[in-house]
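Everything below concerns the one structure shown next.
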Amino acid sequence: MNKHLAISSLLTLFLVNHASAVEVPEAAQSCVVCHGAQGQGTSQGPKLAGLTSLYMNAQIEHFISGERKNVVMTLMAESLVDLNVRQQALAYYAEQGTAPELQKRGDTLVQSGAEKLYYQGDPHRSLPACYSCHGPSAVGGGPFPRLAGQQSSYLKDQLVAWQKKQRSGDPDNTMGHIASKLKDSEIQALADYLSAIQ
Amino acid sequence: MPINKAWLFLLLAASGFARAEVPMADMQDEIPAQPKAANLDYFKPRELSEIPKGAFGDKIRKGYQLFVNSQQLSGQYVGNQLNCTNCHLDAGSKAYAAPMWAAYLAYPEFRKKNNRISNFAERVQGCFNFSMNGKAPAIDSPELVAISAYSYWLLMGGLLDAFGMQDQPVPEMSDKALQEGGNVASFKLPGPLTDKVKLDARGHMPGRAFAALDKPAQAPSPARGAKVYEQHCALCHGSEGQGRVMADVPVIPALWGAQSYNWGAGMHRVNTAATFIFENMPLGKAVQLTPQQAWDVAAYMNSRERPQDPRFTKDVATTAKTFHADDNGYYGKELDGSVLGSQAFPATRVK
């Protein structure tokens, strides 16, 4: 625990010196160095802004259980044992960011590449439209993460992790199954497409 | 052309199948589930980008848009949070998820029991009144013409391609002909099927409706189904079957409750839901449950309250006797001390 306290102290110092204009609740401060004061993401960690508390909480549990693997994040997740504090942090990040302009299914018919995969899927490979779970403009909701505006490199890493079974935790391994059908070029295209949705 | 021949064989062979004989006080009458064909690669609808330019193509495009975003008709013709594509998966193109191409070829459908023929557009009206818990647009409305045009295009484009006529446009048809459906003598099938397929075989295009599912070893149990639901379905559809709305847009369909299909919809039957669930759920990883689990979870889902049967007459018992006497559903039956239908949500939320 001392180590975590030390990390927190360091972060607090960091915040006071560099981010004093932003009012990050105390509960969320330990996340700032990697995820940014508004959850916008940094080179050290993905965007959290606009993810639901439900989704983020499930990921924290996955890092603790080992269904998701990341040395730093597992350490951080284990430090978030006070559920009240955890919820405060998650609520803060869930409210950050701005909603993208909504594109619904059917708004555009002539589509190609990642956009087509997102809105139409590929019936010939039994790939459902990503839209079916991640919603209009990939805003996400409930257990489904917002993908809009997420870092391209992170999205790519996650789809690869699903493929390689380095990431799990969803019922019936549905996302892992879907990811396993994607080609490398599709993963790159989807990551780029989704990260560009603002 | 081995695939084409196989298709021809399947369609022609199907002419010997027994016809459905079900009481049909509604247009959501039961279509017997089909034995699953080994290979469905014979038929692939065309890409949306291939819809022709011009006024006829515009009708097809509008049909697609209504199909995947039926909520644009919310409050007008649609009274719940569903979209056509929630049941007719992959925008009505998926075999054994009630594909629109096979349905289009099957109508008009003649019913011996009441000597009545429903054409395709009338059948879609049934979907609005029951599955969408709404109020059907008029038979010659732009909406029904558009959905008919889109369904026809799915069928005809796929057939032309199957017979090597990729370069041929889908022939244009009048609004009147579009409403009818493909099961009339005037509706010409392309290529080697011209004048060959008997009309009564057109209701049996392989992939139509839902795939047959083995009867369960044990009678379907809502109690066991509740556990299946919790484990496999609740994360997406919600613990109360309420579905999921994202940024005010309904995305994942409600399975029961005020925002789902009503007690008159075909999906309220346990057998229909079981075959759909077994074959298609969870989305993206189909055939995940055992047949017993599919039957149980269908029983659970379809023994929760939902909007009232819009044909409601006098009371639940009378309505059940008149419209649900022979169906495999829970309407009018007692479960856990309550009669299903007695606490139903309002029917038809649009005026």
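The values are calculated or read from the model by the stated rules, or taken from the named source; none is laboratory data. These numbers were taken from a predicted model, which means no experiment stands behind them. Cβ: placed from backbone, ideal geometry, glycine included. Neighbour counts: every protein chain shown. Side chains included, ligands, DNA and RNA excluded: accessible areas come from the protein's heavy atoms. Shrake-Rupley method; radii C 1.70, N 1.55, O 1.52, S 1.80 Å.
Figures for the structure shown
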item	result
Computed over region A:113-195: relative contact order in percent, which uses C-alpha pairs under 8 Å that are six or more apart	31 percent
Rh (Kirkwood; distinct C-alpha pairs) - the protein assembly as shown, Å	25.2 Å
Net length gained if the chain between A:Lys69 and A:Val110 were fully extended (0.36 nm per residue, minus Cα distance)	10.9 nm
Approximate spin-label separation B:Gln231-B:Asp326, in nm, with each point projected 7 Å along Cα-to-Cβ	3.7 nm
Cα-based radius of gyration of region B:222-339 once divided by 2.2 N^0.38 Å, which approximates compact folds	1.07
Label-point separation, A:Leu102 to B:Gln168 (7 Å along Cα→Cβ), nm	4.3 nm
Sum of -39500 (n - 2.57) over DSSP H runs of 4+, divided by residues of chain B (222 nm, nearest 500)	-9500 deg cm²/dmol
Cα principal axis extents for region B:257-310, largest first, Å	33, 20, 15
Radius ratio Rg over Rh of chain B, counting only Cα atoms, Kirkwood formula for Rh	0.95
Sequence-distant residues sharing a close amide H with B:Leu335 (under 5 Å, placed H)	B:Leu340
Accessible-area order (highest first, 1.4 angstrom probe) of the listed residues B:Arg244, B:Arg116, B:Arg46	B:Arg116, B:Arg244, B:Arg46
Alpha-carbon centroids, region B:132-151 and region A:121-190: separation in whole Å	34 Å
Of B:Ala223, B:Ala97, B:Ala106, the one that fluctuates the most in a GNM where chain B has Cα springs shorter than 10 Å	B:Ala223
Region B:222-339: relative contact order as a whole-number percent, Cα under 8 Å and 6+ apart	28 percent
Computed FRET value (nearest 0.05) for B:Asp200 with B:Ala317, which takes r as the C-beta separation and R₀ as 41 Å	0.65
Share of carbon and sulfur in the accessible heavy-atom surface of chain B [1.4 Å probe, %]	54 percent
Entries of B:Lys62/B:Lys227; B:Lys53/B:Lys176; A:Lys104/B:Lys215; A:Lys104/B:Lys333 with Cα pairs more than 29 Å apart	B:Lys62/B:Lys227; A:Lys104/B:Lys215; A:Lys104/B:Lys333
Inter-label distance, nm, simple model (7 Å from Cα along the C-beta direction), B:Asp214/B:Ser342	3.8 nm
0 to 90° range, to nearest 10: angle between helix B:270-280 axis and chain B longest Cα axis	60 degrees
Cα centre as origin, Lys/Arg/Asp/Glu Cβ charges: the protein assembly as shown dipole, Debye	860 debye
